[in-house]
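A.B. asks: Below is one structure. I have some questions about it.
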Amino acid sequence: HRSMAGTGPDTNEPDVGDDWALFWVKLDTKPPTYDWQYPAKNIWVDDKIYSPGSRGFPTVTVFYQQRCILMANPGITMGVWGSRIGEYQDFSLGPNDDDPWFYAIDTSDTPTIKWAEAQRNLTLGTSAGDFSMGGEVTISPSDVNAFKQNNSRSLHTRAVTLNTDIIHIEQGGEKVHSTSYLETRDALTSNDISLVAEHLLQRKIKRIVILQTPEKIAIALADDGTLIGFTYNNTRGDYRDVSTYAWWEIESQGHVHDIASHYSIVTKEDSLYLTISYNYSEAGPNKYNLEHMPYPSRTFTQRVTQTSPILLLGPTLTAQGVVLLDSWIEGTAVSNVIAGLEHLDGMEVAALVDDAWTGTYTVEGGQITLDDTNISGSEPYNGVSAVGLLYKGTLKTLEFVAGNQRGVGFGTKRKWNRLFVRTLDSSLPVINGSLPPDRTPDTLMDIPEVVRMGLVDHEMRNLGWGDGSVLIEQDRPYPCNVLGLYGEFNANNS
């Protein structure tokens, strides 16, 4: 959403200022300038229909069985309103099957509805547990019921569905639950899927979105403006119930305020969109930015290929989206000055021109000035550029103990006499602080080797005595895909 100044029929949102901020902070308050569409179509959001009995505006909405379902009004927290079938603006109650209906879920502990997801039945997450709502045939004024399923308390934020499982945040914001139907119990069960990530969720999360294509990945937003990602797979069969989860932190130099997922018909993939600010303080950000996090490109072509006697130049890695920079933008460098970097003012950035590393710079006045001329030394830079925040990719193995018959690694010295690191379509990584040999004999000296295509084994010798762990780093914005490690290992037990 964005705020728009002014009033009139083209203004769909509150004016810039306190009203706009109030709308997002307090969902049960209608800002005085708030307008859904045009004034002529504004009847259905008045206090008589959208907020029945002046009980406040609903905070949970879902579409189910061709009805718009409104619920969680502050004045009747377990009340559910269904629109007329196929008429999402009509909430005038009636007796016929296709008429709008109202149902108050009867409970003894007066919980509040926090989210709703439409599946075989309508599933409602509340502050007291999950409820299943439905009818014998279809929900109608004369055919509607709701039953409590479990005691899983929910946070007031939207749930998401992965396959048949509903993923939602527990009331305290420190756990993530998966709600699904268990046939042996004929009920919805809710399982904690964040047991392995309690150290990550202590910061409390408030929103989850799903990227489904090409891989199913969930992204959670924490209260401190950081992101946490996890994969989830739940395989059920006649004799097994196998769940696998993997959690990780997503590092950024910015403070993330909100996130959303979006499917692109151009790339045929989902992407993550972020509202983010830099130089953030408790007093508030100096600027909001809308940024886009696509899936990393896994297939690409090499920029430079050599065929004797012809040298062929392919598209840059930047043009193919294979750039490992945070908040980076693409452009065309026609001189040593690259502008349009106002969103990164005062921050240290890295720059590439035609895939060549040009160094790091501090953005001043929305621009940077590259230090040197291009590789010929006589002309300014000219080519496709990428400028963004640099980060280091790190992979470290656990300590490795081999050949010790005493069964303990305390006091044992270990080293790799020869270590091979196998990569695929990757640039050279830094292995235990050293770079592997950086050129191959069949490549001419004036051809850069940014990425080595295919499978490559990097041989490292005598890495030194230590705990046997291997540290692999990529401190340049190029791809690095590590497939395996092997070699000759030595352990000294004396």
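A.B. asks: At a 1.4 Å probe radius, which order do 476, 84, 67 fall into by accessible area, largest first? Don't skip to the answer; put the middle values down first.
C.D. replies: Values: 476 95, 84 55, 67 5 Å².
So the residues, ranked largest to smallest area, are 476, 84, 67.
A.B. asks: Assigning unit charges at the beta carbon (Lys, Arg +1; Asp, Glu -1) and nothing else, what dipole magnitude in debye, to the nearest 20, does the stretch 135-265 show about its Cα centre?
C.D. replies: Working: 12 positive and 17 negative charges, 31 e Å.
Roughly 160 debye, rounded to the nearest 20.
A.B. asks: Starting from the 7 Å offset along Cα-to-Cβ, what nm value, one decimal, do you get for the label separation of residue 288 and residue 164?
C.D. replies: 4.0 nm
A.B. asks: Further question on the same structure: Please list 179-189, 156-166 highest first by mean number of surrounding beta-carbon atoms within 10 Å per residue.
C.D. replies: Details: 179-189: 14.5, 156-166: 17.9.
Order by mean packing, descending: 156-166, 179-189.
A.B. asks: Largest first and to the nearest Å, give the Cα extent of the stretch 178-226 along each principal axis.
C.D. replies: Here the spans come out as 40, 29, 17 Å, largest first.
A.B. asks: In Å and whole numbers, how far do the C-alpha atoms of the stretch 83-197 stretch along each principal axis, longest first?
C.D. replies: Over the stretch 83-197, Cα extents along the principal axes are 50, 28, 28 Å.
A.B. asks: Excluding ligands and nucleic acids, what accessible area in Å² is computed for residue 467 using a 1.4 Å probe, to the nearest 10?
C.D. replies: 50 Å²
A.B. asks: Moving on to the next point. Using a 10 Å cut-off on Cβ atoms, rank the peptides 245-257, 287-299 from the highest mean neighbour count down. List each step's numbers first, then the result.
C.D. replies: Values: 245-257: 16.2, 287-299: 13.2.
In decreasing order of mean packing, 245-257, 287-299 become 245-257, 287-299.
A.B. asks: Also, I was wondering about something else. When Lys and Arg each count +1 and Asp and Glu each count -1, what net charge do the other residues less than 13 Å away from residue 322, Cβ to Cβ, add up to? Write down the numbers at each step before the final one.
C.D. replies: Values: positive: 298, 303, 476; negative: 330, 355, 425.
Summing Lys and Arg as +1 and Asp and Glu as -1 gives 0.
A.B. asks: Just add up the charged neighbours of residue 188: K/R +1, D/E -1, any other residue whose Cβ is under 12 Å from the Cβ of residue 188. Provide the component values of the computation, followed by the final result.
C.D. replies: Working: positive: 120, 148, 185; negative: 117, 130, 165, 183, 186.
Residues near residue 188 contribute -2 overall.
A.B. asks: Amide H to amide H, which residues 5 or more places from residue 207 or on other chains are under 5 Å from it, using H placed in the peptide plane?
C.D. replies: 221
A.B. asks: Where the centroid of each part is defined by its Cα atoms, how far is the stretch 163-186 from the stretch 100-140 in Å?
C.D. replies: That distance is 15 Å.
A.B. asks: State which entries of 216/415; 216/396; 216/392; 206/268; 148/268 exceed 31 angstrom in Cα-Cα distance in the structure shown. List each step's numbers first, then the result.
C.D. replies: Working: 216/415 39 Å; 216/396 25 Å; 216/392 25 Å; 206/268 28 Å; 148/268 39 Å.
Correct reply: 216/415; 148/268.
A.B. asks: While we're here: Stretch residue 212-residue 97 to full length: gain in nm at 0.36 nm per residue minus the Cα-Cα span?
C.D. replies: Working: separation 115, 0.36 × 115 = 41.40 nm, distance 3.59 nm.
Extra length from residue 212 to residue 97 when fully extended: 37.8 nm.
A.B. asks: Return the distance in nm (one decimal) between the two label points of a simple spin-label model at residue 332 and residue 106, each offset 7 Å from Cα along Cα→Cβ.
C.D. replies: Using points 7 Å along Cα→Cβ, the separation is 7.2 nm.
A.B. asks: Treating only the Cβ atoms of Lys and Arg (+1) and Asp and Glu (-1) as charged, compute the dipole magnitude of the stretch 76-205 about its Cα centre; round to the nearest 20 debye. Could you put the intermediate results ahead of the total?
C.D. replies: Details: 10 positive and 18 negative charges, 124 e Å.
Computed about the Cα centre, the dipole is about 600 debye.
A.B. asks: Pull up all non-local amide H partners of residue 194: gap of 5 or more, or a different chain, and H-to-H distance under 5 Å with H placed in the peptide plane.
C.D. replies: Correct list: 176.
A.B. asks: Under unit Cβ charges (Lys, Arg +1; Asp, Glu -1), what dipole magnitude, rounded to 20 debye, does the stretch 97-155 have relative to its Cα centre?
C.D. replies: On the way: 4 positive and 9 negative charges, 86 e Å.
Charge dipole of the stretch 97-155: 420 debye, to the nearest 20.
A.B. asks: Residues with beta-carbon under 11 Å from that of residue 101, excluding residue 101: net charge, scoring Lys, Arg +1 and Asp, Glu -1? Spell out each step's value before the answer.
C.D. replies: Values: positive: 67, 84; negative: 97, 98, 99, 143.
Computed value for this residue: -2.
The values are calculated or read from the model by the stated rules, or taken from the named source; none is laboratory data. Predicted, not measured: the structure shown is a model, and the values here were computed from it. Glycine gets a Cβ as well: all are built from the backbone with ideal geometry, and neighbour counts include every protein chain shown. SASA here: full protein model, heavy atoms, side chains in, ligands and nucleic acids out. Shrake-Rupley method; radii C 1.70, N 1.55, O 1.52, S 1.80 Å.
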